[in-house]
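The structure appears right after this line, and notes come after that.
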Amino acid sequence: MKPQQTLTWEFALQPFGDQQDFYQVAKSFGHPRFSFEPLVQEGQSQKFKISLAANQTIKQILIKHKQNSKLIEDDVTSQFHDNELIYNPTSVGEHEAILKFTDGTVDMGVFNVMSSINQLLRNRVDYLSSHSYAGSTGKVPYSFGPVSNQGESLGKMTFIIQECLLDNQVNDLAHKIAQVEESAVKYVRPKWFVAGDFKRPRKLYGDFYRVMDLEYIAHLFYLLSKVPAKYLKLHSPKDYLNWAAQVFDVRVNPDLHDNQRGKEEAQMLGIYFLYIEDLLQDVKKADLTKEYQEISNSWQATTSRVTANSDTLAAAMTEHFFDNAGFGPAAGALALTGNVAAAKKYGELLKANIGFSNDFRARALIVGGKRSPT
């Protein structure tokens, strides 16, 4: 507004019955219905549907976006036919669609264009390889930063291996696998285990170690065992499977701990339920009989105990009271082992958790029995 300028603005309130009625009421006040996808992938067309109010006519349709730091304005009015418009984005990022009408009014909407998921994952692997890996001369040699004592920090490494196993279009795949293998052998093993002995977890937290860290380490070694031997430089796939079995045994077997905290934590569920059945199958095939038997027994004992206590939702209790770190794995593990009735009780907690990005909510899908848990 200009200095001393005065504008008059008014609005009206009117009830509506349902969503469809809402749109009809809005159109009665001169609002068009403008619908489109909030997000499309690069190379995918955006389809706009524009339902005009009475006596409303399109004058111009513009789409604004940035390309190489330059603001581009595309006039796509001529592409509007029969209340529809197909637009093919030429850049990624936010796009503003502007509708101008002959009566001087304007409407707008914003949508985003992103790279394909495949390319997004490749880009992240490239970034971690070039920016996160310290190598032999880094502040913490052979680590993937940022460095943390918590096993979850190894997710960067497992992500790289998983992406390399799933997508043969990853740039310089052999080099990226070599980085992770080098880190696993020269950084992870000596840091988390005294003298590299998998039966002796190092007390990285003063006077104790976190047993939960071991499930992430076992997962890393297990994924390395899945890598074709031609890409491995330091040990064989069978060696890494053996390592994974030893570490995982310590993770779930309370008898392998000489302290009460370790014994208790070993019996807690964790995200390891996502890969334990596959691990057990491969350990059995490799004739690692001792580890197979001990892990199987521990797994059965844990899920049997959680099932027996499901009425009190005991597995959902953590330091945060009813925590998704407890009821998420409980629902998944119980469903995986066929304890459906107990799993459904924890599944109700999953559905009640309204956190949109909560990764454990998907576990409730397993409980319904309509999807394979593996």
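The values are calculated or read from the model by the stated rules, or taken from the named source; none is laboratory data. These numbers come from a predicted model, not from an experiment. A quick note on method: Cβ atoms are made from the backbone with ideal geometry, for glycine too, and the neighbour counts reach across all protein chains shown. Surface accessibility is based on the protein's heavy atoms, side chains included, excluding ligands, DNA and RNA. Shrake-Rupley method; radii C 1.70, N 1.55, O 1.52, S 1.80 Å.
Computed quantities for the displayed model
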quantity: Members of the stretch 95-147 that are open to solvent by less than 40 Å² (accessible area, probe 1.4 Å), among the hydrophobic types (A, V, I, L, M, F, W, C) and within 23 Å of ASN68 (Cα to Cα); calculated: ALA97, ILE98, PHE111, VAL113
quantity: Filtered residue count, the stretch 76-94, keeping only those that are modelled with pLDDT of 95 or more, open to solvent by less than 20 Å² (accessible area, probe 1.4 Å) and not hydrophobic (A, V, I, L, M, F, W, C); calculated: 1
quantity: Those residues of the stretch 71-123 which are within 30 Å of VAL170 (Cα to Cα) and of a type in the set (S, T, N, Q), in sequence order; calculated: ASN88, THR90, SER91, ASN112, SER115, SER116, ASN118, GLN119, ASN123
quantity: Residue within the stretch 245-253 that is among the aliphatic types (A, V, I, L, M), under 28 Å from the mean Cα position of the chain (by Cα), within 22 Å of ALA178 (Cα to Cα) and assigned to a loop (DSSP other than H, G, I, E, B) present; calculated: no
quantity: Members of the stretch 39-53 that are open to solvent by 90 Å² or more (accessible area, probe 1.4 Å) and part of a loop (DSSP other than H, G, I, E, B); calculated: GLU42
quantity: Every pair of residues 6+ apart whose Cβ atoms lie under 8 Å, when the first sits in the stretch 90-114 and is more than 12 Å from PRO32 (Cβ to Cβ) while the second is small (Gly, Ala, Ser) and exposed (fewer than 13 other Cβ atoms within 10 Å of the Cβ); calculated: ASN112/GLY93; VAL113/GLY93
quantity: Total residues in the stretch 20-38, condition loosely packed, with under 10 Cβ neighbours inside 10 Å and closer than 30 Å to ASN88 by Cβ; calculated: 1
quantity: Where LEU349 falls short, out of the listed (1) over 20 Å from GLU215 (Cβ atoms); (2) assigned to a loop (DSSP other than H, G, I, E, B); calculated: (2)
quantity: Residues that are assigned to a strand (DSSP E or B), open to solvent by 80 Å² or more (accessible area, probe 1.4 Å) and either small (Gly, Ala, Ser) or touching a residue at least 24 places away in the same chain (Cβ under 8 Å) (or both), drawn from the stretch 60-75; calculated: LYS66
quantity: Residue in the stretch 102-122 that is touching a helix residue (DSSP H, G or I) at 6+ places or on another chain (Cβ under 8 Å) and within 23 Å of VAL227 (Cα to Cα) present; calculated: yes
quantity: Helices (runs of 4 or more DSSP H) within the stretch 149-227 that include 3 or more residues under 20 Å from MET268 (Cα atoms); calculated: 213-225
quantity: Subset of the stretch 237-248 that is out of contact with any helix residue (DSSP H, G or I) (no Cβ under 6 Å at 6 or more places or on another chain) and not charged (D, E, K, R) - its residue that is farthest from THR302 (Cα to Cα); calculated: ASN242
quantity: Residue tally, condition open to solvent by less than 50 Å² (accessible area, probe 1.4 Å), farther than 14 Å from ALA301 by Cα and out of contact with any helix residue (DSSP H, G or I) (no Cβ under 6 Å at 6 or more places or on another chain), over the stretch 249-270; calculated: 2
quantity: Pairs with Cβ under 6 Å, 6+ apart, first in the stretch 336-356 and surrounded by 13 or more Cβ atoms within 10 Å (Cβ to Cβ), second of a type outside the set (Gly, Ala, Ser) and modelled with pLDDT of 80 or more; calculated: LEU336/PHE273; THR337/THR303; ASN339/THR307; ALA342/THR307; ALA342/LEU334; ALA343/LEU334
quantity: Restricting the stretch 16-52 to residues that are of a type in the set (Phe, Trp, Tyr) and over 34 Å from the mean Cα position of the chain (by Cα), the residue that is farthest from GLU84 (Cα to Cα); calculated: PHE16
quantity: Selection count, the stretch 4-19, where residues are open to solvent by less than 100 Å² (accessible area, probe 1.4 Å) and not in a loop (DSSP other than H, G, I, E, B); calculated: 0
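Listed here are the residues, each with its yes/no results for (1) open to solvent by less than 60 Å² (accessible area, probe 1.4 Å); (2) at pLDDT below 95; (3) in contact with a Phe, Trp or Tyr (Cβ under 9 Å, 6 or more places away or on another chain).
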site: LEU173; (1), (2), (3): yes, no, yes
site: GLU181; (1), (2), (3): yes, no, yes
site: ARG189; (1), (2), (3): no, no, yes
site: ALA195; (1), (2), (3): no, no, no
site: LYS199; (1), (2), (3): no, no, yes
site: HIS219; (1), (2), (3): yes, no, yes
site: TYR222; (1), (2), (3): yes, no, yes
